[in-house]
Structure formats: C-alpha cells, structure tokens
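J.: Below: one structure in structure tokens.
Every number here is computed from the coordinates shown, using simple stated rules; none is lab data. Since the model is a prediction, treat every value here as computed from it, not as a measurement. All Cβ positions, glycine included, derive from the backbone under ideal geometry; neighbour counts span all protein chains shown.
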Amino acid sequence: MTMSLSSALEQVNQRIRLAEQASNRPAGSVRLLAVSKTFPADAIRDAHVAGQRAFGENYVQELESKCAELASLTDIEWHFIGPLQSNKTRVVAELAHWVHSVDRLKIAERLSAQRPAQLPALNVCVQVNVSGEQSKSGCEPGQAIALAQAVAKLPRLTLRGLMCIPDPHANPATLAGQFSRLAALREQLRADGLTLDTLSMGMSSDLETAIGAGSTLVRVGTAIFGARDYGVR
Ligand SMILES: *Cc1c(COP(=O)(O)O)cnc(C)c1O
C-alpha cells in the first residue's frame, strides 16, 4: 500500500473529527464516503486495507467494472453519486447499496422496480439543487418535499435523506447558506413524519463548512486519492 493514501485517509478522518468537535457534534456522527471515480480498483484496495469501506462512484460503467474486479471484498458499500439516466438504472439497482442522486420520480420508480428481490431495499437520497445553477442536476428546492414524500412510499427504496452539490465557486458564507438550506428541507420533512438520518453534503474543499451545517456524510475524492485525470478514462 502507498503510505500516502493511508495517511491522506487518516488526515481526512482527522479533519472530520475536528469539525465534529468544532460544532459540538458527537464523534462518529459524520461518515466518510471515499469518492473513487476515475481511480483504479487498486486504489480502492489500498483504501480498504486502511479501513475504508464506503466508496462513491459517478459513472455506471465504472461502478460495474469495479464491482466485478473487487467482488472478493464483500464488505464494501457502493454508493452511486452521479447523474443517472433512466436507461442505466438497472445496473445501479443491482449493484449499489446507496444512490445519492435521485432527482426525479421516474428514476426512483425504476430503481424500486428493478431492485432485486433478494437484496435489501436500496438506500436513496433525493438530490436538491440548492445553488440554483441551471446546469446542475438535482430537483428544485420547491419540489424537494413532494419528491421526497413520493420516493418514501416506493416499496424497494429506503429514503435516507437529502444530498446537494453546492456552487463550487461560492464564497464560504454562500456555501454555508446552501448547506443550511438543505438541512432546513430535511427538518421540514422530519416534521412531516419522515425519519431521515442522512444529509449528504461536503467534499474535499468544504467538508468543515458542511459539517458545521449538519452534514452526516461527506463525499471526499481529491483529498484521499489525489487530483483526477479525466483524460485517461
Ligand atoms: C467528484 C465528486 C465528489 C468528490 O469531490 P472532491 O472535490 O474530489 O472531494 C463528491 N460528490 C460528487 C457528487 C462528486 O461528483
């Protein structure tokens, strides 16, 4: 194993612990999802040896090939976090333990229908576009409540919470506002009776801000695996 990967992982875990303390949250209340997109299966093996179990992938084909390559590591928890086209839902329904990027009912209905009967219900988050950018995936904040309530009723899905990708160019105050907006939507859904334990928000550069706003799961790629090279995919 490369020392650098295990020490990078340790540093990220340390950042999470410090951020939990800084916001008076219990140690261990924030989970780390290691975002391994574009990195080879061997990088995941190294992280697994270092104790990491939850991995996030953005591309269906990559999820498929890494699941096959790493099938012997049966305790890996696979999270799909990328944009999902309806013609690709079956593979994700069969392979993933979690999907963070549910942004319309049609996708949720397909995932529920295609989730194999012998597997437990698929854990999902509804992705909300809190930054208001046109190009971003995620449902509009005004639609989030209705979408979450509809997703929660699907038989083969367990709605765990909400996810967002804020504007990467936002200043810290704007970022904090966008994270807080997601947290407020979860509170509203909880008041309506849904038990949502997950706020999937925060990445390499902003995990402290996200944890300050209530994140329960941070999705971290670069700070663990290094810079991504999309050219070699
Ligand atoms: C790539 C990606 C991440 C990780 O981003 P880093 O800045 O590398 O930590 C997190 N979430 C989603 C949805 C991503 O696509």
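J.: Can you return the aspartates and glutamates within cross-link range of LYS136? Criterion is Cα-Cα under 16 Å, with same-chain partners fewer than 8 residues away left out.
T.: Within the straight-line limit of under 16 Å, LYS136 reaches these aspartates and glutamates: ASP103, ASP167.
J.: Once fully extended, how much extra length lies between ALA227 and THR174, figured as 0.36 nm per residue of separation less the alpha-carbon to alpha-carbon distance?
T.: The ALA227-THR174 span can extend by a further 16.6 nm.
J.: Using helices alone, I'd like the mean residue ellipticity at 222 nm for the chain: each DSSP H run of four-plus residues gives -39500 (n - 2.57), total over residue count, nearest 500.
T.: Here the helix-only value at 222 nm equals -12500 deg cm²/dmol.
J.: Compute the relative contact order of segment 5-225 as a whole-number percentage, counting only Cα pairs closer than 8 Å that sit 6 or more residues apart in sequence.
T.: With pairs under 8 Å counted, the relative contact order is 21 percent.
J.: Shifting gears a bit: Please get the size of the charge dipole for segment 5-225, origin at its Cα centre, with Cβ charges of +1 on Lys and Arg and -1 on Asp and Glu, quoted in debye to the nearest 20.
T.: Dipole magnitude for segment 5-225 comes out near 480 debye.
J.: With the radius of gyration and the Kirkwood radius both derived from the Cα set of segment 41-97, what is their ratio Rg to Rh?
T.: Reported Rg/Rh, Kirkwood definition of Rh: 0.96.
J.: Give me the three principal axis extents of segment 50-156 from the C-alpha atoms, as integers in angstrom, largest value leading.
T.: So the extents along the principal axes, rounded to whole Å, are 43, 29, 26.
J.: For segment 131-174, which trypsin sites (Lys or Arg not before Pro) are both in a DSSP coil and crowded by at most 14 other Cβ atoms within 10 Å?
T.: Answer in residue order: LYS153.
J.: Direction-averaged shadow area of the convex hull around the Cα atoms of segment 5-225, nm²?
T.: 11.6 nm²
J.: May I ask you to list the aspartates and glutamates whose Cα is less than 19 Å away from that of LYS66, ignoring any residue fewer than eight positions away on the same chain?
T.: By straight Cα distance, LYS66 reaches ASP42, ASP46, GLU57, ASP75, GLU77, GLU94, ASP229.
J.: I'd like to know which of ILE165, ALA68, LEU105 lies farthest towards the positive end of the charge dipole of the chain, counting +1 on Cβ of Lys and Arg and -1 on Cβ of Asp and Glu.
T.: Of the options given, the answer is LEU105.
J.: Would you please put 163-173, 111-121, 96-106 in order of how densely packed they are, using the mean number of other Cβ atoms within 10 angstrom per residue and starting with the highest?
T.: Order by mean packing, descending: 96-106, 163-173, 111-121.
J.: I'd like the distance between the alpha-carbon centres of segment 131-197 and segment 13-33, rounded to an integer number of Å.
T.: Segment 131-197 and segment 13-33 have Cα centres separated by 21 Å.
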